[in-house]
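Comments concern the structure below.
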Amino acid sequence: MPVVVSRVLASPLASTVAGLLLAACSAAPSRVAHDPAGGFALYRSGQMRAGQLAELCRLGVEELIVLDGGAGGRECAMRRQVCPHLRVRYDTSQDARRPVTAEFLSSFDAWIEEARAAGRKVALRCRHGWHRAGRLTAWYRMRFDRATADEAVAEMQRVGRFMSRHAQLVPQVHAMADLLDGRRCSTGTKHCVIGGGWPDGGGFPADVCP
């Protein structure tokens, strides 16, 4: 029986079904920001199939950060066939129930500023593309597009799905706005950015893939 099961799982039909399920449960890549003059662009996504990663590669995406810690079995493996120039700069399983750290936000800012200066196209993803990716996109909007916390939250809620299961994300975004504006965290300790201060992030590694 185990032999039969492994053969079934390895079959093209099983791979197709798995791909369809993934597509149904994850957000497809979409563009968050674009600077036609400078060349910079930022995309967000859920877990991607090989074809979706290949399309991002065709669009010129050179770097990716992964918020569910799953790059090893996905992008690091797929890039050999579909996107050989891709670099994965961060691969950690963040928890949507826990706030991000100030160090991470500082490193993210440095990464974005580096990409903007170089005219580089980059992307971020989590498992589904709605919650952790939505939270970080909200930070991007406030930090680089000067959106208000309410505007960033409205976009996060509009683009995401099953957001009611992660009601903590709204006060987390407001806590990040407090940090950005130099205010004391006003949302309650459990929603405040971890670390409290504004450290100089060490930056993301050049490439976490082996």
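Once you put a point 7 Å from the Cα of ARG58 and another 7 Å from the Cα of ARG183, both along the Cβ direction, what distance in nm separates them?
4.5 nm
Name the residue, out of TRP139, TRP111, TRP130, whose mean-square fluctuation peaks in a Gaussian network model built on the chain with Cα pairs under 10 Å.
It is TRP111.
Two decimals, Cα atoms only, Kirkwood Rh: what is Rg/Rh over segment 113-210?
0.98
Report, in whole Å, the centroid distance computed from the Cα atoms of segment 133-150 and segment 69-107.
19 Å
Which percent of Cα pairs goes in each bin when the distances of the chain are cut into 10 angstrom slices starting at zero?
All Cα pairs, binned at 10 Å, distribute as 8, 33, 35, 17, 5, 1, 0 percent.
Here, each number is a calculation from the coordinates, and none is a lab measurement. Quantities reported herein were computed from a predicted structural model and do not represent experimental measurements. All Cβ positions, even for glycine, are placed from backbone atoms using ideal geometry, and neighbour counts span all protein chains on display.
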